[in-house]
Structures are given as C-alpha cells and as structure tokens.
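Asker: Pasting a structure below so you can have a look.
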Amino acid sequence: LFQAFFDISAPEKAFSVCIKISRNIDPPYNTGNDFVYEDDFAQSTDEYLANSGQFDEENNRLVKNLESNGRFHTDWLNMIYPRLRLAKDLLREDGVIFISIDDNEVFNCKKICDDIFGASNFICNFVRKNKAGSGHDSEKIAVEFDYVICYAKNKFTNNINKEVVDTKNDPKYKWEDKYVKERGKYYLRDLDYKGSYSEKMDYPITTPMGKVIYSGGIFGRPNTWRWSKDKFDWGLKNEYIVFKEENNKCKVYIKQYQFVDNNGQKYERTIPYRAFVEFTNGQGTLDFNNIMETNVFSYPKPIEMLKHFMKIGSNNNSVILDFFSGSATTAHAVMQLNAEEAKNHTGGGIGHRKFIMVQIPEPCDEKSEAYRAGYKNICEIGKERICRAGKKIKEETGANIDIGFRVLKCDSSNMKDVYYSPAEFEVTLFDEAVDNIKEDRTAEDLLIQVMLDLGVLLSSKIEKKEIGGKKVFNVAEGFLIACFDENVTEETIKEIAKQKPYYFVMRDSSMANDSVAANFEQIFATYSPSTVRKVL
C-alpha cells in the first residue's frame with residue numbers, strides 16, 4: 001500500500017494532460033540502516049538468510065540491509081531499478097529527474113541511470129555540501145558531501161533553466177548614473193582578461209589623462225582585453241567604459257548592466273547554475289522543526305535545496321513528483337516557490353506547479369518521538385506538514401495560491417469479481433451477487449475509481465450537490481457527474497441530464513425501480529444525447 005498526496009489546483013479540463021513532469025527522488029541511501037527489501041531469487045530470501053546465518057539470537061530474521069548481507073548492493077539495485085524505469089515512462093519528453101544519493105550507491109545509481117535514460121541524457125552530478133562542519137560518518141575521513149544525479153528524458157528537447165542574476169536587490173549592483181532609468185543598475189567588471197591570448201584583443205588604450213596602457217601580464221605571458229578595439233570604442237562613446245586610479249595605476253572597467261545588451265535591447269541576465277551546491281542537513285531540520293514545532297523526523301531535506309532544483313528543471317506549470325516523499329519537503333518547497341513567484345511575478349508568472357507525494361506508510365517506532373506525538377506512520381507526518389506549511393506560507397506571503405491537497409491510498413478494486421467476468425459465474429449464484437460493488441466501499445471510493453477509469457485528473461475540482469434529495473458529485477465543472485445513492489428517481493436523473501455532463505455514472509442498484517431503469521436511456525436521449533453514460 002502507499003499513500004499519495006494530490007494538490008487541488010485551479011480547475012482544468014479533464015483531458016488537459018500535456019504537462020511537464022519533473023522528478024525529485026530521495027531514495028534510501030543504503031547506509032546499512034535505512035533500507036528494508038525482499039525479492040524473489042532462485043534461492044528464496046529466507047533460505048539465503050538461513051544459509052548465511054543472518055538471524056538474531058532469538059532466531060528472528062534481520063530486516064535491515066546490513067553490509068554483511070551478501071546481497072547488500074543487489075537488493076538495493078533490485079528495489080531502485082524498476083522505480084527508475086517507471087520514472088522514465090512517466091516523464092514528459094522535456095522532463096528531468098533529480099536523484100539524491102550518497103557515496104554508498106552513487107556509482108551504481110549512475111550506471112543504472114545510464115542504462116535506463118541513456119548515457120547521452122546525463123545532465124550533471126551535483127555535489128552537495130550537506131554539513132556545515134566536519135562529521136563522523138567515516139572511520140578514516142570526515143565526509144561532508146553527497147550528490148544529486150540529474151538526467152533528462154531527452155537531453156536534446158529538454159530546456160535546463162539558467163539562474164537569473166538578481167541585479168536589483170544584490171548590494172553589489174549599487175552603481176547609478178544618468179543612464180540608470182534606461183539601463184538599470186550596473187556593477188563594474190574588470191576589462192583586463194586573464195585568459196588565453198588573442199591578438200585581436202591586444203591593443204593599447206589611451207586614458208583621458210593621456211596615458212597609454214596595455215592589458216597586464218602574468219608569469220611573463222601577455223593578457224588581453226575582454227573587448228575588441230571596435231567594441232571598446234563603442235563602449236567609450238556610449239559611456240560603458242570607466243577609468244579609475246588605483247595604486248598609482250589606471251584601471252579600465254566596463255559597466256555590466258542587467259537589462260541592456262550591446263544593441264540597446266533589454267533582457268534579463270542569466271548564468272548557468274553551478275554543479276556545486278551547499279544545502280546543509282541542519283537547515284533541513286530547522287525548516288521542519290519551524291513548521292512542526294517538534295523534532296519527529298530525521299534528516300529532512302532543506303526547502304531551499306528542493307526549490308533550487310525545481311528552478312533548474314521545471315517551469316511554472318510543472319508537476320513535481322516525489323516517490324520517496326518522507327516528511328513531504330518537496331510539497332512544502334512547491335508551495336513556497338509558487339508563493340514567491342505569485343508575490344514577485346517571477347518565473348514566467350504566478351506559480352502553478354503541482355505536487356504528487358508518494359510514501360509507503362512505514363510505521364513509526366513505538367519508542368520514537370513521532371509515535372509519542374501521535375504519528376503512527378510517516379505518511380501522517382507528511383500530511384500534517386503540508387497542512388501547516390500551506391497555512392503558514394499564505395499567512396506570511398499573502399500570495400493567492402492554492403494550498404489544498406487530496407490524500408489517496410491504494411487498495412483493491414471497488415468491484416466484485418462478477419463485474420469483470422460475469423460469464424464465469426453460474427446463474428444460480430446471481431441472487432447472491434446482485435450488487436457489483438463491494439459492501440465496505442463509500443461513494444467517495446467509487447468516485448475516485450471512476451475518475452481513474454475515465455482519465456479524469458485526480459486533482460480536478462469536486463463539488464457535492466443535492467439533486468432530488470440525492471448526493472451528486474460534480475467533477476471538473478460538469479465534465480463528470482456521478483450519483484451513487486440508493487433509490488434514485490426519474491426526477492433526479494432528469495435534472496442531471498439537463499446539466500449536459502460529458503460523463504454520467506451511477507450504480508446499477510441505485511435505480512429506485514424498474515420504471516427508472518426502463519426510462520434511463522430515454523431521459524438522456526431527450527435532454528443530453530451526447531452524454532456518455534456508465535452504470536456500475
């Protein structure tokens with residue numbers, strides 16, 4: 001079983017499924033303490049463990065994937081491989097995946113990603129400094145880094161975003177002159193270029209004081225200017241050049257503006273993101289504790305880290321899926337980034353990113369702080385964090401974003417076997433199987449299955465209405481209407497038909513009498529012949 005969290009976004013047409021999906025996954029690092037896994041091999045797991053002696057003193061089978069396990073890496077790879085295969089299938093053509101991992105499996109993970117996504121679709125292996133100081137993770141060396149592996153579904157159609165340079169608010173960009181309103185603020189950049197030599201860039205410059213200067217040199221090698229002579233003359237004429245006396249020498253600088261290129265066209269300066277990032281685990285703990293007001297989850301990821309990778313690999317309308325969601329930091333980061341974009345009008349407009357969180361309902365240890373705080377499993381921690389984070393983000397930013405979400409849990413079908421294969425059941429048994437639906441299922445259970453069967457987005461807007469005294473679900477503003485109450489009359493069906501939904505679904509056993517069943521098709525033929533009708 002797993003639970004998934006779906007946000008309730010602005011209403012969309014149920015058939016609008018062309019969305020960009022980015023993935024952030026934080027799988028078990030396989031440290032020997034964080035991973036439990038079983039699979040079927042030629043030799044059963046129990047047989048293998050028995051042969052290798054991996055039982056405790058009371059003859060209980062060990063559940064952690066300890067390094068002494070002969071399948072230590074194999075078990076982890078057997079767990080992660082099918083999940084990554086599925087991730088590739090779910091990614092849109094321009095989607096990307098980010099995998100947070102440490103030294104234990106980073107090289108194995110890179111190999112299977114090459115196999116699944118193709119080595120040519122490798123984007124980067126980000127190095128993350130995850131500790132503010134030295135640690136004690138290693139017996140020999142203090143390990144302060146882990147990694148985030150990034151692959152694209154298709155590197156040639158994927159657009160990895162660049163970082164927008166904030167020249168408005170950064171104190172470095174403090175210079176102003178008569179062009180500030182036209183060009184924006186600027187900073188001074190050294191015209192002297194300490195790179196490879198170029199004859200085209202090697203020329204003398206005459207200062208306003210009449211002094212002739214050349215680009216400096218290093219280790220006996222001449223350097224050159226960043227700009228050619230023609231570009232320098234253009235810059236001098238248009239007041240992009242600044243001369244300054246420093247240590248009895250005249251230095252030449254160029255004004256680096258945010259908004260204007262050499263032809264006077266306004267633009268937003270961007271630079272490539274760096275492969276080295278610094279987001280410490282301690283900050284992740286502070287982020288979590290500030291929201292939850294108690295330390296009930298170990299090593300949550302920093303919010304800024306998740307936002308950082310969303311800025312690199314997603315756009316304003318992306319769906320962000322995390323199928324090892326843990327404390328739901330990814331959902332928190334999505335809402336935070338949406339709010340910031342809505343408030344500052346950045347990122348191409350108001351943030352409409354959506355999140356899907358997937359987490360096995362792993363039980364909390366009865367001796368743990370989380371259990372004492374009332375959380376029976378990890379999913380409950382994630383749900384509570386999303387609720388609290390959304391409320392706090394709206395209060396602090398005032399941004400008009402949607403912070404609602406739905407919680408769904410995988411289960412067996414709502415339908416009895418007779419629904420799927422009636423020919424296999426004897427007629428004499430039909431009296432015991434009149435209703436196709438299992439007795440313990442609610443109307444909401446049926447609605448979700450119908451939405452899945454019909455391809456209606458689970459994040460669609462759902463309204464409950466009463467028509468003819470019966471509870472009716474209106475999904476995606478009339479795209480789907482469903483009623484699962486008992487004793488539904490012709491009056492109710494007629495009012496539903498008049499609303500002209502694309503789909504209408506009800507239970508076969510819901511019809512009040514044979515007359516309703518006989519007139520069902522005729523009512524829709526009269527009021528909404530194009531409605532697709534489905535009876536469970």
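The values are calculated or read from the model by the stated rules, or taken from the named source; none is laboratory data. Given the structure is predicted, the values throughout are model-derived calculations rather than measurements. Reconstructed Cβ throughout: ideal geometry from the backbone, glycine too, with neighbour counts over all protein chains shown. In case anyone asks, the SASA skips ligands and DNA or RNA and just uses the protein heavy atoms, side chains included. Shrake-Rupley method; radii C 1.70, N 1.55, O 1.52, S 1.80 Å.
Asker: Around HIS308, under 12 Å between beta carbons, what's the net of Lys plus Arg minus Asp minus Glu among the other residues?
Answerer: +2
Asker: List the lysines whose Cα sits under 16 Å from the Cα of LYS376, skipping any in the same chain fewer than 8 residues away.
Answerer: LYS367, LYS409
Asker: Give me the distance in nm between label points sitting 7 Å out from Cα along the Cα-to-Cβ direction at ASN295 and ASN247, one decimal.
Answerer: The two pseudo-label positions are separated by 4.8 nm.
Asker: Let me ask you something else. According to the Cα gyration tensor, what semi-axes, each the square root of 5 times an eigenvalue, does the equivalent ellipsoid of the range 344-411 have, listed from largest to smallest in whole Å?
Answerer: Whole-Å semi-axes of the equivalent ellipsoid: 30, 15, 9.
Asker: Computed FRET efficiency, Cβ-Cβ of ASP435 and GLU362, R0 41 Å: what is it to the nearest 0.05?
Answerer: Here the calculated transfer efficiency is 0.70.
Asker: Now, a different point. May I ask which of LYS185/LYS244; LYS181/LYS244; LYS162/LYS231; LYS200/LYS251; LYS153/LYS231 have a Cα-Cα span longer than 30 Å here?
Answerer: Check vs 30 Å cut-off fails for LYS153/LYS231.
Asker: Something else: In nm, to one decimal, how far is the LYS181 label point from the ASP514 one, both placed 7 Å along Cα→Cβ?
Answerer: About 8.7 nm, to one decimal.
Asker: Just the number please: accessible area per residue for the range 312-390, 1.4 Å probe, all protein chains included, in Å². Each step should come with its number before you reach the end.
Answerer: Working: 3080 Å² over 79 residues.
So the range 312-390 comes to 39 Å² accessible per residue, rounded to a whole number.
Asker: Let me ask you something else. Could you name the lysines whose alpha carbon sits less than 17 Å from that of LYS465, not counting residues in the same chain fewer than 8 places away?
Answerer: LYS494, LYS498, LYS500
Asker: Here's another thing I want to ask about it. What residue among PHE405, TYR375, PRO361 has its Cα farthest toward the positive end of the dipole of the range 279-407, where the charges are +1 on Lys, Arg and -1 on Asp, Glu, each on the Cβ?
Answerer: PHE405
Asker: As an exercise, use a Förster radius of 35 Å and the Cβ-Cβ distance of TYR419 and ASN161 to find the FRET efficiency, rounded to the nearest 0.05.
Answerer: It comes to 0.15.
Asker: Sticking with this one: Return the equivalent ellipsoid semi-axes of the range 381-536 as a descending list in whole Å, where each equals the square root of 5 times an eigenvalue of the C-alpha gyration tensor.
Answerer: Largest first, the range 381-536 gives 34, 22, 12 Å.
Asker: Still on this structure, I have one more. Go through 355-364, 372-381, 313-322 and give me the packing order, highest mean Cβ count within 10 Å leading.
Answerer: Per-residue mean Cβ counts within 10 Å order the peptides as 313-322, 355-364, 372-381.
Asker: Of LYS178/LYS229; LYS155/LYS311; LYS307/LYS392; LYS470/LYS534; LYS311/LYS354, which sit over 22 Å apart, Cα to Cα?
Answerer: LYS178/LYS229
Asker: Subtracting the Cα-Cα distance from 0.36 nm times the residue separation, let me have the gained length for CYS387 to ALA275 in nm, one decimal.
Answerer: 37.0 nm
Asker: Pull out a ≥ b ≥ c, the square roots of the eigenvalues of the alpha-carbon gyration tensor of the range 302-401, then state rounded if a/c is under 1.5, prolate if not and a/b is larger than b/c, and oblate in the remaining case.
Answerer: Prolate shape, in that a/c is at least 1.5 and a/b is the bigger ratio.
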